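J.: Let me begin by handing over the structure; questions about it come next.
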Amino acid sequence: MIKLFQYPPTSRSEIGKGVLVRMIPALLVLILSTIPLFIFIGKDSAANRDAVRKVTSQETEVAAAAVFIVFLLCVVYISIAAAKASAKHMRHFTCYAYYKGTLYSIGAAVPHSHSNTSNHGMRSIMKAQDDAMGFLSDHYTLKKLLDGEIENSRILVYEVKELTLLKENKNGMKVLLPNGRKQTIYKDMIDYDTLRDIIYIMQK
């Protein structure tokens, strides 16, 4: 019998909503930061209405600089949130399997989307990711793969004869595979405790 250790499935809409939830507060902060700027611009406009030489007050310049800084911080914050969401999505293409007393690390080589990816290219990427997700979720198919009955060029299987537990904390644990690759296993993985026990035994 094969035992799979995978992350709970998450739809793209759920991931998108997660990013949106983080975007809204950032955008609200940006909007609020513009209120003093408009107030000072209004004061400058009133003061310059009959003036020959139009001037901008120091308060307006400071408010404009503050809005620019807040804008940059919002861009950084949203970018980090999007990067974390993407990383959380991509980890679904990696899992562990315990079969016939051997631990396997299984990963899918899937394409990534970019900002300049066309709609057709995006559909192809999404299909490839969905196919890989379906393959990794199929116990029977993975069993046949490990038995050598079938092959899939996009699925990478690594027999973990030994590994080193580097650290463990409240979020999960980081392990070092014999090929030198470090991998983080998060606690929300299904049957995380069972996988942790297997890794503990491999440390002895």
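J.: Yes or no: the stretch 3-11 includes at least one residue that is more than 30 Å from Asp193 (Cα to Cα) and in contact (Cβ under 8 Å) with a residue 12 or more places away in the chain.
T.: Scanning the stretch 3-11, I find no residue that is more than 30 Å from Asp193 (Cα to Cα) and in contact (Cβ under 8 Å) with a residue 12 or more places away in the chain, so the answer is no.
J.: Could I ask something else about it? Output the residues belonging to the stretch 187-203 that are in a loop (DSSP other than H, G, I, E, B) and open to solvent by 70 Å² or more (accessible area, probe 1.4 Å).
T.: Hits for the stretch 187-203 are Lys187, Ile190, Gln203.
J.: Mind checking which residues of the stretch 145-178 are in a helix (DSSP H, G or I) and either in contact (Cβ under 8 Å) with a residue 40 or more places away in the chain or surrounded by fewer than 14 Cβ atoms within 10 Å (Cβ to Cβ) (or both)?
T.: The one that is in a helix (DSSP H, G or I) and either in contact (Cβ under 8 Å) with a residue 40 or more places away in the chain or surrounded by fewer than 14 Cβ atoms within 10 Å (Cβ to Cβ) (or both): Leu146.
J.: Going by what's in this entry, would Tyr140 be described as surrounded by 13 or more Cβ atoms within 10 Å (Cβ to Cβ) and not hydrophobic (A, V, I, L, M, F, W, C)?
T.: No; evaluated as a whole, the condition is false for this residue.
J.: Give all pairs with beta carbons closer than 7 Å in which a residue from the stretch 66-89 that is over 27 Å from Gln129 (Cβ atoms) and in contact (Cβ under 8 Å) with a residue 60 or more places away in the chain meets a residue that is among the basic types (Lys, Arg) and open to solvent by 40 Å² or more (accessible area, probe 1.4 Å); count only pairs at least 6 apart in sequence or on separate chains.
T.: Note: no pairs meet the criteria.
J.: Which of the numbered conditions does Thr184 fail, given that it passes all the others? Conditions: (1) open to solvent by 60 Å² or more (accessible area, probe 1.4 Å); (2) among the β-branched types (Val, Ile, Thr); (3) under 20 Å from Met90 (Cβ atoms).
T.: Thr184 satisfies all of (1) open to solvent by 60 Å² or more (accessible area, probe 1.4 Å); (2) among the β-branched types (Val, Ile, Thr); (3) under 20 Å from Met90 (Cβ atoms) except (1).
The values are calculated or read from the model by the stated rules, or taken from the named source; none is laboratory data. This is a predicted model, so every value here is computed, not measured. Positions of Cβ are backbone-derived with ideal geometry, glycine not excepted, and every protein chain shown enters the neighbour counts. For accessibility, only protein heavy atoms count, side chains too; no ligands or nucleic acids. Shrake-Rupley method; radii C 1.70, N 1.55, O 1.52, S 1.80 Å.
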